[in-house]
Every structure is written in C-alpha cells, then in structure tokens.
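What follows is a set of notes on a single structure, which appears directly below.
The values are calculated or read from the model by the stated rules, or taken from the named source; none is laboratory data. Computed from a prediction, not measured in an experiment: that's the story for all the values here. Neighbour counts are summed over all protein chains in view; Cβ atoms, including those assigned to glycine, are modelled from backbone coordinates with ideal geometry. Just the protein is used for accessible areas: all its heavy atoms, side chains included, with ligands, DNA and RNA removed. Shrake-Rupley method; radii C 1.70, N 1.55, O 1.52, S 1.80 Å.
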Amino acid sequence: MFTAIFVVLVIMGLSWVGMKWMYPRPPQGYLQPQPGESTELRACDFCHHTLAEWRGIVEGDKFFCNQEHQADFHAGKHYQRAQH
C-alpha cells in the first residue's frame, strides 16, 4: 500500500514540475496596462466588440481588436458572427 501511495505522489510531483516547466507564468505586469496607456473602452471598427484601448490597435481614428480585424477591415470584408 505504501508503494502505491508513494508512486502516486511521485507521479503528481513530476506532473506539477512538468506543467511549471511547459507553461511558465508571463512576466509581472504583462497583462496590465503600462503607465501612460489609455484604459478607455473602445469598440472595434470591424467586429464592434468592446475592449480597453491599450489591448487593441489604434490607427488614426480607427480601433481594432487585433491585426486580423485590421487587415480584414482594410480588405473590405464584413464581419460574420459565428453560428452556434
């Protein structure tokens, strides 16, 4: 019985170490706005979802969630909501 419990604990410990090695934490402050960045909420000009300005791309008076939406907007594509 001791051997089984010991093996389970060793496997759990190795799994924990493996997860920490494969998925390290991002640097401190990585997911937070830097000083001077705007936290104002804006709507994406392509999909109209709202997010903080520091998380997106500002191009003049246009705002986009990501580079794909920016490229699709300039390509003249129209946003199609996913069907569930």
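Do we have any residue at all in segment 51-59 that's at pLDDT below 85 and in contact with an Asp or Glu (Cβ under 7 Å, 6 or more places away or on another chain)?
Looking for residues that are at pLDDT below 85 and in contact with an Asp or Glu (Cβ under 7 Å, 6 or more places away or on another chain), one finds none in segment 51-59, hence no.
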(message) Out of everything in segment 51-84 that is open to solvent by 70 Å² or more (accessible area, probe 1.4 Å) and assigned to a helix (DSSP H, G or I), what residue ends up being farthest from residue 31 (Cα to Cα)?
(response) 74
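Answer yes if at least one residue in segment 68-76 is touching a residue at least 24 places away in the same chain (Cβ under 8 Å) and more than 19 Å from the chain's Cα centre (by Cα), and no otherwise.
Yes, there is a match, as at least one residue in segment 68-76 is touching a residue at least 24 places away in the same chain (Cβ under 8 Å) and more than 19 Å from the chain's Cα centre (by Cα).
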(message) Of the conditions (1) open to solvent by 100 Å² or more (accessible area, probe 1.4 Å); (2) farther than 30 Å from residue 81 by Cα; (3) of a type in the set (A, V, I, L, M); (4) at pLDDT below 95, residue 12 satisfies every one except a single condition; which number is it?
(response) (4)
(request) Mind counting the residues in segment 2-49 that are more than 19 Å from the chain's Cα centre (by Cα), in a loop (DSSP other than H, G, I, E, B) and among the aromatic types (Phe, Trp, Tyr)? (result) 0
(message) I need the full set of residues from segment 30-50 which are at pLDDT below 90, surrounded by 12 or more Cβ atoms within 10 Å (Cβ to Cβ) and out of contact with any helix residue (DSSP H, G or I) (no Cβ under 6 Å at 6 or more places or on another chain), in order please.
(response) none
